[in-house]
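Please read the structure below before turning to the comments.
Each reported figure results from applying straightforward, stated rules to the coordinates on display, with no laboratory input. What you see is a predicted model; the values in this text were computed from it and never measured. Ideal geometry is used to build each Cβ from the backbone, glycine not excepted, and the neighbour counts take in all protein chains shown.
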Amino acid sequence: MVTTILGSGIAGLGAWYADNSAEIYEASDKAGGLCRGFEINSFYFDQAVHLSFAKDKIVRDVFDKTEQYYHHPFPYSWYKETWLRHPAQNNLFSFPTQFKIDAVKGFIERKGRENVTNFKDWLVGGYGEFLYENLFKLYNEKYWQTDLEKMDVDWIGNRIYQPDIDEVLYGSYTDETPNVYYASEMRYPKNGGYYSFIKEIADEAERQGKLHLNKKAVRVDPAAKTVFFKDGTQTKYDRLFSSVPLPEVVRMIDNAPEDIAKKAADLEHTGVALVSIGMKKTDFEKFWFYIYDTDIMAARAYMPSVKSPANAPEGCSSIQFEIYFSSKAQPPEEQATVENTLYALEKLGIATRKDVLFTDYRIMPYGNVTLLRTTEQDVPLITDWVKSQGITPIGRFGEWKYLWSDQSFLSGYNAVKE
């Protein structure tokens, strides 16, 4: 039986880990997908993949083979000249008095989430109108790049913390609040960036001749069980697993029904413009942070040199800003984006322009799936049809779900095992 996997990102490598007789076909010249990083002048940057907090034994058995640092999550937020503990809703201490009064009052008067069907109402119902307008709306519109009233709520889970009134009041009187982040420990490889967690699998697939690079799939014929590639080659399969984004898979399949093709084409996602900066050594040690201010394009930023000292040369540091854009829009213009990021670097007190050794701007076409209310109904219809064609979607963009990296690995692994 010939098992074929399209894509060698973390989901595809998870699938190959489950069946190392499978053949992997990768469109680019390197394995790793979004987990693959890049190097500039001895500085190493990830492609917006950050840290691992995997708990599942299967994933930990793989990841824990890599030497790693253990970090306690202690994120911050930036809002109007002020650094805040994250999450802001139960860390109001640094805000002006009137802001705290309005925030607490709004929280007490919140309406709750009974029968809530969209993300905006979920936020307003859980935190109150004032915190929504002054905090949650600002960040989430930058991050999701869509109308929050169009978004579904089933994806949220424990991603956004819900304090009670005692926690909100306590955090308005003191900044010595307990850490309520959804993970108590974060892990990161000592060397080689996030990709090091899965590098051994990719290397083994390559050693066995099972990893085929520069093989971009352009067409699938389910009846003939054949994948056709851009370079003119083709391959037969018995089982086909695909981490290719769901809309692209539907476009590749012969004779997709018109309604399925339209629903797939209407799916929305975000892309990410990454601005990575190498700097002379700074004393800025905030690990990662979220940015509410709308004059700054980036929604959040990370310090690769804090994740691991090996990510920057001795005596230097690094930072990476994430600027999101809708799949329905053009990526932000490079010069203006880099200039705005340098403005943010100084405004946030991280470094001056004189400290900057270089900037790097690059576009990642896929950042996150955008989970609209229509997505909840449409994605199962699309994936069911794709599966009916003998193709199993895997991973964040294959399944079109908001999966973390460990969940993406398991998506591929479990699909093959099942």
*Report the net charge of residues surrounding PRO380, where surrounding means a beta-carbon distance below 14 angstrom and charges are Lys +1, Arg +1, Asp -1, Glu -1.*
-3
*Translational diffusion of region 307-356, µm² s⁻¹ [Kirkwood Rh, Cα pairs; Stokes-Einstein; 10 °C; 1.306 mPa s]*: 123
*Once the piece of chain linking PHE74 and ALA183 is laid out straight, how much longer is it, given 0.36 nm per residue of separation minus the C-alpha distance between them?*
38.2 nm
*For region 193-292, radius of gyration divided by Kirkwood radius, i.e. Rg to Rh on alpha-carbons*: 1.12
*asked:* What Kirkwood Rh does the chain have if only Cα atoms enter the pairwise 1/r average? Answer in Å.
replied: 22.7
*Quick one: work out Rg over Rh on the C-alpha atoms of region 8-82, Rh as Kirkwood radius.*
1.06
_Between 0 and 90 degrees, rounded to the nearest ten: what's the tilt of helix 196-207 against the longest Cα principal axis of the chain?_
10
*Taking the convex hull of the Cα atoms, report for region 76-173 its projected area averaged over all directions, in nm².*
6.0
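Please report the relative contact order for region 310-418, taking Cα pairs under 8 Å with a sequence separation of at least 6, and give it as a percent rounded to a whole number.
After rounding, I find 16 percent.
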_Per-selection metrics, region 264-418 (Cα): Rg and Dmax in Å_ = 19.0, 58
*Can you give the extra length, in nm with one decimal, that the chain gains between ASP56 and ASP221 once fully stretched, where that is 0.36 nm per residue apart less the Cα-Cα distance?*
55.8 nm
*Where does helix 334-347 land angle-wise versus the long Cα axis of the chain, in degrees 0 to 90, nearest 10?*
40
_Nearest 500 deg cm²/dmol is fine: what mean residue ellipticity at 222 nm does the chain get from its DSSP H runs of n ≥ 4 alone, each adding -39,500 (n - 2.57), divided by its residue count?_
-9500 deg cm²/dmol
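As a test of understanding, state the convex hull volume per residue of region 138-250 from its alpha carbons, in Å³.
Details: hull volume 25.8 nm³, N = 113.
Convex hull of Cα atoms, per residue: 229 Å³.
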*Find how much the distance from TYR161 to PHE358 grows on full extension, using 0.36 nm per residue of separation minus their present alpha carbon separation; answer in nm with one decimal.*
67.3 nm
_Surface/4 of the Cα convex hull for region 31-125, nm²_ = 11.1
*asked:* Let me check I've understood the local charge: for ASP355, count other residues with C-beta under 10 angstrom from its C-beta, Lys and Arg +1, Asp and Glu -1. What total comes out?
replied: +3
*Hey, which aspartates and glutamates would be in cross-link range of LYS111, C-alpha to C-alpha under 20 Å, not counting anything within fewer than 8 residues on its own chain?*
ASP102, ASP121, GLU129, GLU133, GLU149, ASP152, ASP154, ASP164, ASP166, GLU167
*Short version: ³J(HN,Hα) in whole Hz for each residue of region 55-68, in order, from phi by Karplus 6.51 cos²θ - 1.76 cosθ + 1.60 (θ = phi - 60°), x for Gly and Pro, what are they?*
10, 4, 4, 4, 5, 5, 4, 7, 5, 6, 6, 9, 4, 8
*Please work out the C-alpha center-to-center distance from region 359-406 to region 237-267 and express it in whole Å.*
11
*If Lys and Arg each add +1 and Asp and Glu each add -1, what is the summed charge of the other residues whose beta carbon sits under 15 Å from the beta carbon of ALA183?*
+2
*Name the lysines eligible as straight-distance cross-link partners of LYS190: C-alpha to C-alpha under 30 Å, and not fewer than 8 places from it in the same chain.*
LYS30, LYS55, LYS57, LYS65, LYS199, LYS210, LYS280, LYS281, LYS286, LYS307, LYS354, LYS401
_If I take every Cα pair under 8 Å that is 6 or more residues apart in region 76-173, average their sequence separation and divide by the length, what percent do I get for the relative contact order?_
33
